[in-house]
1. Inside region 211-259, can you point out the residues that are assigned to a helix (DSSP H, G or I) and of a type in the set (Ser, Thr, Tyr)?
2. Looking at 246, 252, 218, 189 in this structure, which one is without any contact (Cβ under 8 Å) to a residue 12 or more places away in the chain and under 29 Å from residue 51 (Cβ atoms)?
3. Can you name every residue in region 180-198 that is over 10 Å from the mean Cα position of the chain (by Cα), part of a helix (DSSP H, G or I) and surrounded by 23 or more Cβ atoms within 10 Å (Cβ to Cβ)?
4. From 201, 252, 211, grab the single residue that is hydrophobic (A, V, I, L, M, F, W, C), surrounded by fewer than 19 Cβ atoms within 10 Å (Cβ to Cβ) and either under 12 Å from the mean Cα position of the chain (by Cα) or assigned by TED's automatic domain parsing to the domain that holds residue 56 (or both).
5. Among the residues of region 199-210, are any within 23 Å of residue 36 (Cα to Cα), part of a loop (DSSP other than H, G, I, E, B), out of contact with any Lys or Arg (no Cβ under 6 Å at 6 or more places or on another chain) and at pLDDT 85 or above?
6. Out of (1) under 19 Å from residue 221 (Cα atoms); (2) of a type outside the set (A, V, I, L, M, F, W, C); (3) surrounded by 23 or more Cβ atoms within 10 Å (Cβ to Cβ), what's the single condition that is false for residue 170?
7. Out of the residues in region 50-65 that are surrounded by 19 or more Cβ atoms within 10 Å (Cβ to Cβ) and in contact (Cβ under 8 Å) with a residue 40 or more places away in the chain, state the one that is farthest from residue 105 (Cα to Cα).
8. Report yes if some residue within region 123-132 is basic (Lys, Arg), in the same structural domain as residue 248 (by TED's automatic domain parsing) and either at pLDDT 85 or above or under 30 Å from residue 70 (Cα atoms) (or both); otherwise report no.
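The values are calculated or read from the model by the stated rules, or taken from the named source; none is laboratory data. As the structure is a prediction and not an experimental result, all values here were calculated from the model. Counting neighbours? That spans all protein chains shown, and the Cβs are built from the backbone with ideal geometry, glycine included.
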Amino acid sequence: MKHLSPFILVFALCAGAEASWYWPFSSEEEKRPPRIAELLEPASVMIDEAYDLSADGKTAEAVEKFRDALRELARVEAENADRVQTPEFNTLKNKRATVTAAIDSLLLSEAQANARPIAVTDTTELQKKYDEKRAAERRAKEGAKAEGPGGMKLAASKLKARDFDGAVAELGRLLAASPGDVGALNLLAAAQAAKGDSAAAEKTLDKAIAARPDSYYAYYNMARLHLRSKGSKSGARLYYEAGRKAGGPVDAKLEELLK
């Protein structure tokens, strides 16, 4: 949608036959239980719908849809109790935290706008969370400003030169200062995918989606990842459709591959 400039660099690397990354993937994969990204697809769709409702000013409907997503996350967690403590389920925890923060923010905004009690009786804690969120955003922006464009350019040049380890190291340094930098997250996923580590790339893209669910870049990259690493058209299609809902343009090559 808006604020696309941080991603221009990422997509400048995307000029290629089929995808935005280098793709050293094999066409087969051993049988395995569903990945966390697959398990979270229904909740992710609900979260997208909630953001759409919020953007349309339908706060009550958005809050309820976010709560539906929380219930879906709880269901996934309950049905996968043996995997909950593994690192891959950090994505679920991140999504829950993101959704909870979104609900708090919507309720606080409505409380401030209406100047009357709504679903909460004391907004002190909500105000604290709101202030902390804004402070974190300011720190991220200040870190990016202090870092300058050189870090991203350097990482991109390393990726283009196929120095994947160097790109990962440089992007790790950038993300340590600004964890929510979605451009850096997309580029890091590209480097991880280029190294053949599709699991790491998937986790990184989950972080990018959680950080900016209203941006289509990570959705499209996740769709390509599903096609290339897992041959999963159904999973890829869900991510592509989510990206389209987030304002992404028609990707003729992706649509051809999804037929």
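1. Kept after step one, since they are assigned to a helix (DSSP H, G or I), are these residues of region 211-259: 211, 217-230, 233-245, 252-257.
Matches in region 211-259: 217, 219, 220, 229, 234, 239, 240.
2. Working: 246 fails: without any contact (Cβ under 8 Å) to a residue 12 or more places away in the chain; 218 fails: without any contact (Cβ under 8 Å) to a residue 12 or more places away in the chain; 189 fails: without any contact (Cβ under 8 Å) to a residue 12 or more places away in the chain.
One residue alone meets the criteria, 252.
3. Scanning region 180-198 gives 183, 184, 187, 188, 189, 190, 191, 192, 193.
4. Working: 201 fails: surrounded by fewer than 19 Cβ atoms within 10 Å (Cβ to Cβ); 252 fails: either under 12 Å from the mean Cα position of the chain (by Cα) or assigned by TED's automatic domain parsing to the domain that holds residue 56 (or both).
Among 201, 252, 211, only 211 is hydrophobic (A, V, I, L, M, F, W, C), surrounded by fewer than 19 Cβ atoms within 10 Å (Cβ to Cβ) and either under 12 Å from the mean Cα position of the chain (by Cα) or assigned by TED's automatic domain parsing to the domain that holds residue 56 (or both).
5. Taking region 199-210 first, the residues within 23 Å of residue 36 (Cα to Cα) are 199-210.
If we keep only those that are part of a loop (DSSP other than H, G, I, E, B) too, we end up with none.
No; the residues of region 199-210 include none that is within 23 Å of residue 36 (Cα to Cα), part of a loop (DSSP other than H, G, I, E, B), out of contact with any Lys or Arg (no Cβ under 6 Å at 6 or more places or on another chain) and at pLDDT 85 or above.
6. Residue 170 satisfies all of (1) under 19 Å from residue 221 (Cα atoms); (2) of a type outside the set (A, V, I, L, M, F, W, C); (3) surrounded by 23 or more Cβ atoms within 10 Å (Cβ to Cβ) except (1).
7. 50
8. Let us first name the residues in region 123-132 that are basic (Lys, Arg), namely 128-129.
After this cut, where a residue has to be in the same structural domain as residue 248 (by TED's automatic domain parsing) as well, the list is none.
No: region 123-132 contains no residue that is basic (Lys, Arg), in the same structural domain as residue 248 (by TED's automatic domain parsing) and either at pLDDT 85 or above or under 30 Å from residue 70 (Cα atoms) (or both).
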